[in-house]
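Colleague: Sending over a structure as structure tokens; questions will come in a sec.
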């Protein structure tokens, strides 16, 4: 029994698509196993997966076009001519890709690191060819083009062993500065995350109409939790100042 040529093309197309999906899933599973056994960074695995993903897509499209009788030669030639015009639009994509490769090679940051760029801070969730995705402390998702990391300075908080938590405070004039300062330092040093070396310190900034402006500084070994720790420190300071003004 002879199969209708149109039906045959549809079947081959379906098999190609399904086969491509299965191959990609098998590769993903294989890479996951390799990561677990060899302790390879998630960042590297994600990039390798994207390479296979786009390679499989390109091969599948080529096979399907051949099945449907589309001559690849003239198409490639046409794309080459059109590519001159499209090239300007693709510059950013190429720039993002190259930047992504440099990030991976230099290990500037990895999945799980907390970074800040252009005033936006977040935890790296995914690194791809073109963009890097991170989530902010309030659970917003930010997508940053990889090229932005080569054009703008950024800060990686996770690579730091320690970081200082600075809290601006106002000490009312009705409180004795020599009495309240030791209390604030003792309270800051008693917090579980506070390092004993360097010790907490208070730096007097200026005298204002409402009190003495100062900065209380405490060091921590968990840089990624500075925002959370600053809140805890503020609560401690508030309790002492309120108690002192009663």
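Colleague: With the requirement that a residue be outside any helix (DSSP H, G or I) and at pLDDT below 80, what does the range 148-162 give you?
Modeller: 157, 158, 159, 160, 161, 162
Colleague: Considering only residues of the range 1-55 that are part of a loop (DSSP other than H, G, I, E, B) and surrounded by fewer than 13 Cβ atoms within 10 Å (Cβ to Cβ), which is modelled with the highest pLDDT?
Modeller: Within the range 1-55, the match that is modelled with the highest pLDDT is 4.
Colleague: Just to check your reading of the model, which residue among 188, 214 is touching a strand residue (DSSP E or B) at 6+ places or on another chain (Cβ under 8 Å), part of a strand (DSSP E or B), at pLDDT 85 or above and surrounded by 14 or more Cβ atoms within 10 Å (Cβ to Cβ)?
Modeller: 214
Colleague: Next up: Return the residues of the range 56-69 that are surrounded by 12 or more Cβ atoms within 10 Å (Cβ to Cβ) and more than 18 Å from residue 7 (Cβ to Cβ); say none if nothing qualifies.
Modeller: 56, 57, 59, 60, 61, 62, 65, listed by residue number.
Colleague: Which of (1) within 11 Å of the chain's Cα centre (by Cα); (2) part of a loop (DSSP other than H, G, I, E, B) does residue 138 not meet, given it meets every other one?
Modeller: That leaves (1) as the condition not met.
Colleague: Report the residue count in the range 191-204 for those that are in contact with a strand residue (DSSP E or B) (Cβ under 6 Å, 6 or more places away or on another chain) and either surrounded by 13 or more Cβ atoms within 10 Å (Cβ to Cβ) or within 16 Å of residue 242 (Cα to Cα) (or both).
Modeller: Summing the residues that are in contact with a strand residue (DSSP E or B) (Cβ under 6 Å, 6 or more places away or on another chain) and either surrounded by 13 or more Cβ atoms within 10 Å (Cβ to Cβ) or within 16 Å of residue 242 (Cα to Cα) (or both) in the range 191-204 gives 6.
Colleague: Find all pairs meeting these conditions: Cβ atoms under 6 angstrom apart; at least six residues apart or on different chains; first residue within the range 221-240 and farther than 19 Å from residue 115 by Cβ; second residue surrounded by fewer than 17 Cβ atoms within 10 Å (Cβ to Cβ).
Modeller: 240/183
Colleague: Which numbered condition in (1) at pLDDT below 65; (2) surrounded by 11 or more Cβ atoms within 10 Å (Cβ to Cβ) is the only one that residue 105 fails?
Modeller: Every condition holds for residue 105 apart from (2).
Colleague: Do we have residue 183 as surrounded by 15 or more Cβ atoms within 10 Å (Cβ to Cβ), in contact (Cβ under 8 Å) with a residue 12 or more places away in the chain, in a loop (DSSP other than H, G, I, E, B) and in contact with a helix residue (DSSP H, G or I) (Cβ under 6 Å, 6 or more places away or on another chain) here? First the steps, then the outcome.
Modeller: Details: surrounded by 15 or more Cβ atoms within 10 Å (Cβ to Cβ): yes; in contact (Cβ under 8 Å) with a residue 12 or more places away in the chain: yes; in a loop (DSSP other than H, G, I, E, B): no; in contact with a helix residue (DSSP H, G or I) (Cβ under 6 Å, 6 or more places away or on another chain): yes.
It is false that residue 183 is surrounded by 15 or more Cβ atoms within 10 Å (Cβ to Cβ), in contact (Cβ under 8 Å) with a residue 12 or more places away in the chain, in a loop (DSSP other than H, G, I, E, B) and in contact with a helix residue (DSSP H, G or I) (Cβ under 6 Å, 6 or more places away or on another chain).
The values are calculated or read from the model by the stated rules, or taken from the named source; none is laboratory data. Please read all numbers here as calculations on a predicted model, not as lab measurements. In this analysis, Cβ positions are derived from the backbone assuming ideal geometry, glycine residues included, and neighbour counts consider all displayed protein chains.
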